[in-house]
Amino acid sequence: MIDLRSDTLTRPGEPMRLAMARAEVGDDVYGEDPTVRRLEERVAGLFGHEAALFMPTGSMANVLAVRSLVAPGQEVLCESRAHIARAELGAHGAYSGVTMRTWIHERGQVDLPVIESLFAPDMGPFFVPTAAISVENTHNFAGGAVLPIDDLRALRSFAGAAGARVHMDGARVWNAHVATGVPLAEYGAVAHVLAVCLSKGLGAPVGSLLVGTADTVAEARVWRKRMGGGMRQVGILAAAGLYALDHHVERLAEDHAHARLLAEACGVDPASVDTNIVVVPRSDAGEFVAAARDAGVLVATVGPTAVRLVTHLDITRDDAEKAAAVLARLA
Ligand SMILES: Cc1ncc(COP(=O)(O)O)c(C=O)c1O
């Protein structure tokens, strides 16, 4: 089976497992795991922020990041198909008392005029005050679309002037970096706080980080423990993340090339594919998925009328070509 359902499906290879086995560890709740510290310092530095905090999932990093900017009873604005709005099971409301309003953009982009029209500063006891704006880069359900850095800079300066703050769900910001050549620090500069994942395209088995100021990270450390996310000799997992940063960032370009190959096979304009995710409009999405499975290719539906293909570390050029031949036949 060639598995294109998600880039979270990768399994650590031998060299990553060796790095994990050899990791120097300590109790991270005591702040004594040297490998975790190395990972946190490295990731904070990459994004030009003061500090970072390792945690089990991107969802937890998003929840703690958004709550660091938005108090209970305040709102965050985001695109309608953002992971924080659709795929975190209401966590931001359930845990943090945060409400959301959304703008709609087919490619998940920043729509500044609409964001400005939604933005509600403190208007007394009548409207929910907007505290933050969240962007997702790349945007998962918009087909791995990259948010152009100029749009992000414009958003950041609007937010600065309006007294709002910016959260970036950067689960796949590495893909945006490799696709555009924009340094990670420039993505870091447009957000007050980021959540970044090691367990998607970078191929680590577990792990995400919240990235922000030292104060934000200190507070998030308390909340991480409160939510049951304080882990002990977790350098074993952080070592996988460090290995991934050393070996799996630049190679994301291969995943992007494979995604364009698959797009072409499915009748999608490859120029519309920014990174490693291809969304194929199909009125027969369920049947298409079943037929692909019968032919040895696993793909997933996103709703009843679209199919999603995701390339990743475990998909070789040969796999991509074989899958493209199968999908072209079915399409
Ligand atoms: C854009 C985006 N943000 C956040 C997450 C959450 O990551 P996790 O599955 O580690 O909770 C995902 C997961 O796929 C994602 O695609």
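Only residues that are in a helix (DSSP H, G or I) and near the ligand (Cβ under 9 Å from one of its atoms): list them for the range 48-87, please.
Gly58, Ser59, Met60, Ala61, Asn62, His83, Ile84
Restricting attention to the range 1-25, the residues being in a loop (DSSP other than H, G, I, E, B) and farther than 13 Å from Ala244 by Cα number 11.
From the set of residues in the range 147-197 that are β-branched (Val, Ile, Thr) and either under 21 Å from Asp111 (Cβ atoms) or without any contact (Cβ under 8 Å) to a residue 40 or more places away in the chain (or both), which is most open to solvent (accessible area, probe 1.4 Å)?
So, considering only residues that are β-branched (Val, Ile, Thr) and either under 21 Å from Asp111 (Cβ atoms) or without any contact (Cβ under 8 Å) to a residue 40 or more places away in the chain (or both), the one most open to solvent (accessible area, probe 1.4 Å) is Thr180.
Residue under question is Glu106, and the condition is that it be part of a loop (DSSP other than H, G, I, E, B), away from the ligand (no atom under 15 Å from the Cβ) and open to solvent by 40 Å² or more (accessible area, probe 1.4 Å); does it hold? Answer is yes for this residue. Cβ separations smaller than 7 Å between residues 6+ apart or across chains give the following pairs from the range 79-92 residues that are under 14 Å from Val110 (Cβ atoms) to residues that are away from the ligand (no atom under 11 Å from the Cβ) and not in a helix (DSSP H, G or I): Glu79/Thr102; Glu79/Trp103; Glu79/His105; Ser80/Thr102; Ser80/Trp103; Ser80/Ile104.
For the condition touching a strand residue (DSSP E or B) at 6+ places or on another chain (Cβ under 8 Å) and within 16 Å of the ligand (Cβ to nearest atom), what is the one hit in Ala171, Ala204? None of the other options fit; the residue is Ala171.
Among residues of the range 303-315 that are without any contact (Cβ under 8 Å) to a residue 24 or more places away in the chain, those with a beta-carbon under 8 Å from a residue that is open to solvent by 10 Å² or more (accessible area, probe 1.4 Å) at least six positions away or on a different chain give the pairs Pro304/Gly286. Taking the range 88-103 as the region of interest, how many residues are open to solvent by less than 10 Å² (accessible area, probe 1.4 Å) and assigned to a strand (DSSP E or B)? Looking only at that region, the number is 1.
Looking only at residues in the range 237-288 that are in a loop (DSSP other than H, G, I, E, B) and of a type in the set (Ser, Thr, Tyr), the one that is surrounded by the most Cβ atoms within 10 Å (Cβ to Cβ) is Thr275.
Of the residues making up the range 289-317, those that are among the basic types (Lys, Arg) and surrounded by 16 or more Cβ atoms within 10 Å (Cβ to Cβ) number 1.
The values are calculated or read from the model by the stated rules, or taken from the named source; none is laboratory data. For clarity, every value in this text was computed on a predicted model and none was experimentally measured. Every residue, glycine among them, receives a Cβ derived from its backbone with ideal geometry; neighbour counts consider all protein chains shown. We work out accessible area using only protein heavy atoms, side chains counted, and drop any ligands, DNA or RNA first. Shrake-Rupley method; radii C 1.70, N 1.55, O 1.52, S 1.80 Å.
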